[in-house]
Every structure is written in structure tokens, then in C-alpha cells.
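Notes follow the structure.
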Amino acid sequence: MTDAISFRPMTEADLDAVLKIEYAAFSHPWTRGIFTDGLKSYDCWLMFEGSQQVGHGVIQIILDEAHLLNITVKPESQGRGLGLRLLEHLMARANELGARECFLEVRESNQSAYRLYERFGFNEIGRRRGYYPAVGGREDALVMACTLLD
């Protein structure tokens, strides 16, 4: 039985723990500066399993559109449905803030994230060539979109 999942807004005091998860999860993680800037203008959330921080996410809302900028579950907690729980929370927040559609970019090579987004209802709508830095060069981003329900 897993502990209860809960969420709370991210603060600057959380950044050391956020960066530890971010750097463990990604080859090209967000920096402290990106998160610091994000706290000023984006909706930034932490996810907990019991008392343990297991993930974080960041969304940007512009009028009636949301953009999922970051969703991260610590590697040792992946594969147990936590990414979907975090995505559901972020999309509910986007809806609460007036968004009716959400967009995101995902690395072409990140098939587990792609499948997660598809399960939620995102559809691929385009490609951004060379969007992401990658080992030995650049990697394409697949652009996905989802209509949010009331």
C-alpha cells in the first residue's frame, strides 16, 4: 500500500530538494535560475508520497491556454503511476486557472513520457526540430496538445 499522495505549491526554500530530483531524472535538467524565475510567473507544484517529496511540475497559463513546462518524478519512484497523478493535478490546476487547452513538448526519445501524455488524452500536433540539447547534438521535440474539460 502506498502512502497518500499530496501536493503543495513550490517555494524558493524547496529548490535544493527540487534540483536533487531534477538532476537525478534528466541528462539536461533545469537550473536553479530557471526554477527561481519560474516561481515568479508560473504555477509550480511539489508532489509528496506521505512525507517524501517524489516529484514536481510547472505550468504556464496565458489566457485560456496552458503550457506544461516541466514534470518530473524522481527515478526511484517512477513506474508506479505517480507521473499520471502529477499530470492530473497540474491539468486540474490549469483548468482552475481558466485554461481550456494545454500544450507541451516532449523529447522524441522519451517514449515513457509520450505514452503518459497519450494516456491522459494529449495528441501529437507537430515537431520542433533540434529543440532540445542532447548528448552529441540536438534532439527533436514532439509537440502535443490536449483539450481540458470543465
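Please treat every number below as a calculation from the coordinates, not as lab data. Keep in mind that this is a model prediction, so the values were computed, not measured. Using ideal geometry, Cβ is built from the backbone for each residue, glycine included, and neighbour counts are taken over all protein chains shown.
Inside the stretch 52-77, can you point out the residues that are under 16 Å from D3 (Cβ atoms) and in contact (Cβ under 8 Å) with a residue 24 or more places away in the chain?
First, the residues of the stretch 52-77 that are under 16 Å from D3 (Cβ atoms): 52-55, 73-74, 76-77.
Selection gives Q52, Q53, V54, G55, V73, K74, S77.
Does A113 count as under 22 Å from P29 (Cα atoms), in contact (Cβ under 8 Å) with a residue 60 or more places away in the chain and not aromatic (F, W, Y)?
Details: under 22 Å from P29 (Cα atoms): yes; in contact (Cβ under 8 Å) with a residue 60 or more places away in the chain: no; not aromatic (F, W, Y): yes.
Against the criterion (under 22 Å from P29 (Cα atoms), in contact (Cβ under 8 Å) with a residue 60 or more places away in the chain and not aromatic (F, W, Y)), A113 does not qualify.
Could you check the stretch 79-90 and list, in sequence order, the residues that are within 24 Å of H28 (Cα to Cα) and in contact (Cβ under 8 Å) with a residue 24 or more places away in the chain?
Initial filter on the stretch 79-90 (within 24 Å of H28 (Cα to Cα)): 79-87, 90.
Across the stretch 79-90, the qualifying residues are R80, L82, G83, L84, R85, L86, L87, L90.
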Please note which strands (runs of 3 or more DSSP E) are completely contained in the stretch 5-88 and include at least 3 residues that are crowded, with 18+ Cβ neighbours inside 10 Å and in contact with a helix residue (DSSP H, G or I) (Cβ under 6 Å, 6 or more places away or on another chain). 43-49, 52-62, 65-73
Considering only residues that are in contact with a helix residue (DSSP H, G or I) (Cβ under 9 Å, 6 or more places away or on another chain) and charged (D, E, K, R), look in the stretch 107-150 and name the one that is surrounded by the fewest Cβ atoms within 10 Å (Cβ to Cβ). D150
